[in-house]
Amino acid sequence: MIDPSLTALEIIGVAIRAERDAFDLYSAMASQVTKPELKDEFAGLADQERQHERWLQEYYSAATGDDAPPPTPTVRIKIFGPEVHDGMNLLEVLDLAITKEHLAETAYSTAGERATDASGKRLLGELVQFERSHARRLEKLRDDARRDPAWLEDAGGRTIQLEGP
């Protein structure tokens, strides 16, 4: 849940950190899978998260006149859900990533409601749509894996596990 006392710009600072964390997660997933379709999907999600971070930083800079990144928490961002840990299988990571995408969607929607300028409302509205589309993409991967558990196995028949964030 988002602290109701946070301003739209404070949420932007938190969101920048969350987008960076999402980039790290999807990059790690892309590097650890061998199936080309999974590798491509996770790499694409990572690229989009990096772009979201850039958009948010540009918006923050334009709104404040400050080119420095906004202060962001150095601790885990609880509003964006639990963290990945070693030994999680890919299905568990997909479930966690879906939760994070839904929580990000809610955070951007809330920030958009608090934004006082049209450009902020537009940017945050676009991010809501992107996060929603990410969740749908991940849900499709998860559903495919549930229908055919072997789909989550690497070439050696081992279920794909995450090794580190």
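Any read-out appearing in this document is the output of simple, stated calculations on the displayed coordinates, not a laboratory observation. Just so it is clear, the model here is predicted, and its values are computed rather than measured. Counting neighbours? That spans all protein chains shown, and the Cβs are built from the backbone with ideal geometry, glycine included.
The GluC sites (Glu not before Pro) found in the stretch 82-124 that occupy coil by DSSP, while having at most 14 further C-beta atoms within 10 Å, are Glu83. Cβ crowding within 10 Å ranks Val128, Val14 as Val128, Val14, fewest other Cβ atoms first.
The length gained on full extension between Arg132 and Asn89, counted as 0.36 nm times the residue separation minus their Cα-Cα distance, comes to 13.2 nm.
Measuring nothing but how far apart in sequence close Cα pairs (under 8 Å, 6+ apart) lie, relative to its length, the stretch 8-152 scores a relative contact order of 24 percent.
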